[in-house]
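Trainee: First the structure, then my questions, so here it is.
The values are calculated or read from the model by the stated rules, or taken from the named source; none is laboratory data. What you see is a predicted model, and the numbers here were worked out from it, not measured in a lab. All Cβ positions, glycine included, derive from the backbone under ideal geometry; neighbour counts span all protein chains shown.
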Amino acid sequence: MAKAKTAFVCNDCGADFPKWQGQCGECHAWNTLSEIRLSGPASKSASGRSNGRSGYAGTTASVQRLEDVAILDLPRLCSGFDEFDRVLGGGFVPGSSILIGGHPGAGKSTLLLQTLCRLAAQQPAIYVTGEESPEQIALRANRLGLPTDQLQLMAETDVDAILASAEALKPQVLVVDSIQVVHSETLTSAPGSVSQVRDCAAQLTRYAKQTGTVLILVGHVTKDGSLAGPKVLEHMIDCSILLEGDHDSRFRTLRGQKNRFGAVNELGIFAMTDAGMREVTNPSAIFLDRSEHIAPGTTVVVVWEGTRPLLVEIQALVDDSSLGNPRRVTVGFEQNRLAMLLAVLHRHGGIQVGDQDVFANVVGGVRVMETSADLALLLAVVSSLRNRPLPRDWVVFGEVGLSGEIRPVASGQERLSEAAKHGFKLAIVPKGNAPKKSISGLKVVPVSRLSEALEACD
Ligand code: TYD
Ligand code: MG
């Protein structure tokens, strides 16, 4: 009998190694490696890498020409939320597997329950709950006034039982909430360990592919925002989506991280209300809930999210620091970027904040990952430092380079149109984004250096 092959897998990041070692070579965590069986006579493991050739010697796989592959043009299933469908690239593709990640309390279960109750009216759907009891789910569905007559509910964490029920009921949509609690009796590794999660997910995705079922897996994320453990899942699923939002904000954003059937940079925006998740169809208007009185330190930027512009308000607070090492705190921005921009402000704008604490925030719990907010952030800092507000109908965008130049950003024209649509009167933009034709109601001030932008605000 051949000796069973084993590997050592990191429980944190999922990297694997042929030998045990104290520290993971990938993520440098200590004591996180555990042994898993890859292949061998006694193994029933369905691990992604257990396709050891030895057991299949003699058989050949069928080969066909690419053009001969039959393309099944199955219609996508609509989730009932336009914002969700957009992130998916136009709805759920039959046979695909989707991973929805997010912090506990982000609203994953709520969003999926709402989606499934509606989908179940048209096609058979099963919601597998491993974390909440059926009573809790039923209570929530009733409170939200969802149609409950069609959805099948299963409180189960054993993957074999889930698959057996799915075989019997033949659902078109199968939700497993969450993949972290699913385990299998036939696997030797501990429940909740990376190899269990990976093997169970592999069995479920294989089932989805074979039967054309839409599989939706819920996954938790760790503190640093990466999917806990199931980083290893990302290669086997078709679509990975993150539901994000601050605890103290009711807004939630749905962002694609990987999508085999659509673009990944789409953003869906929801609000968590007392009637469950509601989609926000005109996000700019919400993030811009501006009062009459404008405080110093706020600016409005037009960011580009996926295929549409979004107006968001940026706030900065600059205050005398009592610390030897002044603080640079950001919410919704990258902190290093703020530090870099402050250095550019000093060097090329002649404005010194070395002895000041600087706090920067994006209103509404949105995360801005685009460099187009650079200039707006710096103008907010200067506005707070000088205690002088910018007029409330000004909008700013542009990337700030290390030599103090203002660089153009993509889709300038659409950003300006969005600002004009929301009643903004003046836009400070990179010279490269200055429109060829004038936009009615909007005065455009093109700038090519940071100093010009600062002059425009004087
Ligand atoms: P939940 O969907 O259970 O989050 P997850 O599955 O991502 O852990 O959402 C729980 C949070 O949402 C909880 O903090 C309460 C809040 N919530 C509302 O505000 N309104 C509602 O209608 C519901 C159902 C939940
Ligand atoms: Mg949940």
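Trainee: If I ask for residues that are small (Gly, Ala, Ser) and either part of a strand (DSSP E or B) or more than 8 Å from ligand 1 (Cβ to nearest atom) (or both), which ones from the stretch 96-109 would you list?
Mentor: SER96, SER97, GLY101, GLY102, listed by residue number.
Trainee: Condition test on ARG206, is it touching a residue at least 12 places away in the same chain (Cβ under 8 Å), under 15 Å from SER240 (Cβ atoms), away from ligand 1 (no atom under 16 Å from the Cβ) and out of contact with any strand residue (DSSP E or B) (no Cβ under 7 Å at 6 or more places or on another chain)?
Mentor: So ARG206 fails the test.
Trainee: Additional query: Hey, among LEU88, LEU119, LEU112, LEU77, which residue is within 16 Å of ligand 1 (Cβ to nearest atom), among the aliphatic types (A, V, I, L, M) and either assigned by TED's automatic domain parsing to the domain that holds HIS183 or modelled with pLDDT of 90 or more (or both)?
Mentor: It is LEU112.
Trainee: Out of curiosity, is LEU187 modelled with pLDDT under 85 and either in a strand (DSSP E or B) or buried (at least 18 other Cβ atoms within 10 Å of the Cβ) (or both)?
Mentor: So LEU187 fits the description; yes.
Trainee: Which ones in the stretch 113-146 are surrounded by fewer than 23 Cβ atoms within 10 Å (Cβ to Cβ), assigned to a helix (DSSP H, G or I) and within 12 Å of ligand 2 (Cβ to nearest atom)?
Mentor: Within the stretch 113-146, GLN136, ILE137, ARG140 qualify.
Trainee: Quick one: PRO296 ticks every box in (1) at pLDDT below 90; (2) assigned to a loop (DSSP other than H, G, I, E, B) except a single one, so which number is it?
Mentor: (1) is the only condition that PRO296 fails.
Trainee: Quick one: is LEU174 assigned to a helix (DSSP H, G or I) and modelled with pLDDT of 95 or more?
Mentor: Here the answer is no, as LEU174 does not meet what is asked.
Trainee: May I pose another question? Could you give me the residue pairs with C-beta distances under 8 Å whose first residue belongs to the stretch 112-135 and is free of Cβ contacts under 8 Å to residues at least 24 places away in the same chain, whose second residue is within 16 Å of ligand 2 (Cβ to nearest atom) and not aromatic (Phe, Trp, Tyr) wherever it lies, and which are 6+ apart or on separate chains?
Mentor: SER133/ALA155; PRO134/LEU153; PRO134/ALA155
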